[in-house]
Amino acid sequence: MTEHDAFMQQALELAAQALFLSNPNPRVGCVLVAPDGQTILGQGFTQQAGGAHAEVMALRDASARGHSTHGATAYVTLEPCAHHGRTGPCCDALIQAGVGRVVGALTDPNPQVAGQGFARLRAAGVEVIVGPGGEASRALNIGFFSRMQRGRPWVRLKAATSLDGATALGNGQSQWITSPEARADGHAWRARACAILTGIGTVLADDPQLTVRAIATPRQPWPVVVDSHLRIPPSASILQAGRACHIYTSALKPSETELLQAQGATIIAKPGATGRVDLAAMLNDLGQRGVNELHVEAGAILNGALLAQGLVDELLLYLAPKLLGSGTRGMAAWGPLQQLDEAIALQLHSVTPIGPDLRVLARMAPG
């Protein structure tokens, strides 16, 4: 462990407090340490979009405590920004506060920053060290990095099944295969996402709200619906919650579009070659709209299309210790495959007990 690890770990714990808060901005924490290398002067994490970033929150905290930050070390989980957005450049705020050193976990992937914050600090005579906590900071901001580097969100597909792979009974009953603990955990993953995606089949069959209810959250993700032929009724629950519902369709229909827009929905046409929504184009559009993490809770058809087109980054699976026998099989309709080597290869990222169930996080294997 280096001299910087403990303070960077504290900064990362602060950044985690922005998990449900800061979208579309990255989750960032900052700890200001006195020149003695021991005394914490101030700390903070990024607030809601348009609010103060972590560095400014830490500087305000230090000021409120009556501490001078001259010669201090700032531990920051991402490079201080160098551009004027909704707030001013954080690198300038640190320079004006007289800090002597900045320890940053990672370079900001945003092209408007991308090393310029560190460069401006160095030009002002501030010592800059980059690297401690980098892996953990990137993991915390996996969606932000995806949007900045690939132009599209990190796509996480969630499903719940029995151990024998059933997603519902033969009569369609599926509530609830998993435990209350697993459902609450699933809502925490909803809460960290910028948007929740489902398909028109799920809307028509289940009329879901797609809200975060099982845990407290300062913001609700956008609902997003893939609806190639604009069959969603204006009375759908997903349109009633006062959130910015985005509906992707293959062709705009004036009368239906007008009714849905009156409900506050945004209708976006992204036609594909087969008369369905171009899912890759949809993801690129969501990236342009600031979506970092896209949480998918859909039926087998949309799940299968996303998987078959290589558009899923991560699977979030809840496995209940139950055997349901004959019933609805498979969380995704795609294939059939002719050879085993055609299978989608995954890498297990984590396997975690959640109440009586198991949460499996698996990512697409490289290559």
Per the list (1) part of a loop (DSSP other than H, G, I, E, B); (2) surrounded by fewer than 21 Cβ atoms within 10 Å (Cβ to Cβ); (3) touching a residue at least 60 places away in the same chain (Cβ under 8 Å), residue check on residue 310 breaks on (3)
Across (1) out of contact with any Pro (no Cβ under 6 Å at 6 or more places or on another chain); (2) part of a loop (DSSP other than H, G, I, E, B); (3) surrounded by fewer than 22 Cβ atoms within 10 Å (Cβ to Cβ), residue 92 clears everything bar (2)
Residue count, the range 73-88, condition under 24 Å from the mean Cα position of the chain (by Cα), at pLDDT 85 or above and closer than 19 Å to residue 61 by Cβ, comes to 6
- Kindly establish whether residue 37 is under 31 Å from the mean Cα position of the chain (by Cα), surrounded by fewer than 22 Cβ atoms within 10 Å (Cβ to Cβ), assigned to a loop (DSSP other than H, G, I, E, B) and on the phi > 0 side of the Ramachandran plot. no
Within the range 137-166, residues open to solvent by 50 Å² or more (accessible area, probe 1.4 Å) and in a helix (DSSP H, G or I) come out as 138, 139, 149, 150
Quiz item: Regarding residue 238, is this residue crowded, with 20+ Cβ neighbours inside 10 Å, closer than 17 Å to residue 279 by Cβ and in contact with a strand residue (DSSP E or B) (Cβ under 8 Å, 6 or more places away or on another chain)?
Solution: no
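Suppose the filter is open to solvent by 30 Å² or more (accessible area, probe 1.4 Å), of a type in the set (A, V, I, L, M) and not in a strand (DSSP E or B); does residue 210 pass it?
Values: open to solvent by 30 Å² or more (accessible area, probe 1.4 Å): no; of a type in the set (A, V, I, L, M): yes; not in a strand (DSSP E or B): yes.
Against the criterion (open to solvent by 30 Å² or more (accessible area, probe 1.4 Å), of a type in the set (A, V, I, L, M) and not in a strand (DSSP E or B)), residue 210 does not qualify.
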Review point. Is it the case that residue 249 is of a type in the set (Ser, Thr, Tyr) and buried (at least 23 other Cβ atoms within 10 Å of the Cβ)?
Key: yes
Selection over the range 223-235 where residues are open to solvent by 70 Å² or more (accessible area, probe 1.4 Å) and either small (Gly, Ala, Ser) or under 27 Å from the mean Cα position of the chain (by Cα) (or both) yields a count of 1
Residue hits (the range 289-307; of a type in the set (A, V, I, L, M, F, W, C) and either within 13 Å of residue 224 (Cα to Cα) or not in a helix (DSSP H, G or I) (or both)) are 291, 294, 296, 298, 302
Taking the range 319-367 and keeping residues at pLDDT below 90, of a type in the set (S, T, N, Q) and either open to solvent by 70 Å² or more (accessible area, probe 1.4 Å) or not in a strand (DSSP E or B) (or both) leaves 326, 338, 339
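In this structure, does residue 26 turn out to be at pLDDT below 90 and crowded, with 18+ Cβ neighbours inside 10 Å? First the steps, then the outcome.
Numbers: at pLDDT below 90: no; crowded, with 18+ Cβ neighbours inside 10 Å: yes.
So residue 26 fails the test.
Give the residue that is modelled with the lowest pLDDT, with candidates limited to residues of the range 239-279 that are of a type in the set (Ser, Thr, Tyr) and part of a helix (DSSP H, G or I). Steps first, answer last, please.
Here is the first cut: in the range 239-279, the residues of a type in the set (Ser, Thr, Tyr) are 248-250, 255, 257, 266, 274.
Right, trim to part of a helix (DSSP H, G or I) and you get 255, 257.
On the way: 255: 86, 257: 90.
This residue is 255.
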Considering only the range 278-291, I want to know if a residue exists there that is more than 20 Å from residue 146 (Cβ to Cβ), open to solvent by 10 Å² or more (accessible area, probe 1.4 Å) and small (Gly, Ala, Ser).
no
Here the qualifying pairs (Cβ atoms under 9 Å; residues six or more apart or on different chains; first in the range 320-343 and farther than 21 Å from residue 157 by Cβ; second at pLDDT below 80 and part of a loop (DSSP other than H, G, I, E, B)) come out as 325/170; 326/170
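Looking at 196, 215, which is the one that is crowded, with 19+ Cβ neighbours inside 10 Å and β-branched (Val, Ile, Thr)? Steps first, please.
Details: 215 fails: crowded, with 19+ Cβ neighbours inside 10 Å.
Within the list 196, 215, the selection yields 196.
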In the set 114, 15, the lone residue that is under 21 Å from residue 218 (Cα atoms) and hydrophobic (A, V, I, L, M, F, W, C) is 15
Sole miss for residue 107 among (1) under 24 Å from residue 68 (Cβ atoms); (2) assigned to a loop (DSSP other than H, G, I, E, B) is condition (1)
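The values are calculated or read from the model by the stated rules, or taken from the named source; none is laboratory data. For clarity, every value in this text was computed on a predicted model and none was experimentally measured. A quick note on method: Cβ atoms are made from the backbone with ideal geometry, for glycine too, and the neighbour counts reach across all protein chains shown. The area values use the complete protein model at the heavy-atom level, side chains included, leaving out ligands, DNA and RNA. Shrake-Rupley method; radii C 1.70, N 1.55, O 1.52, S 1.80 Å.
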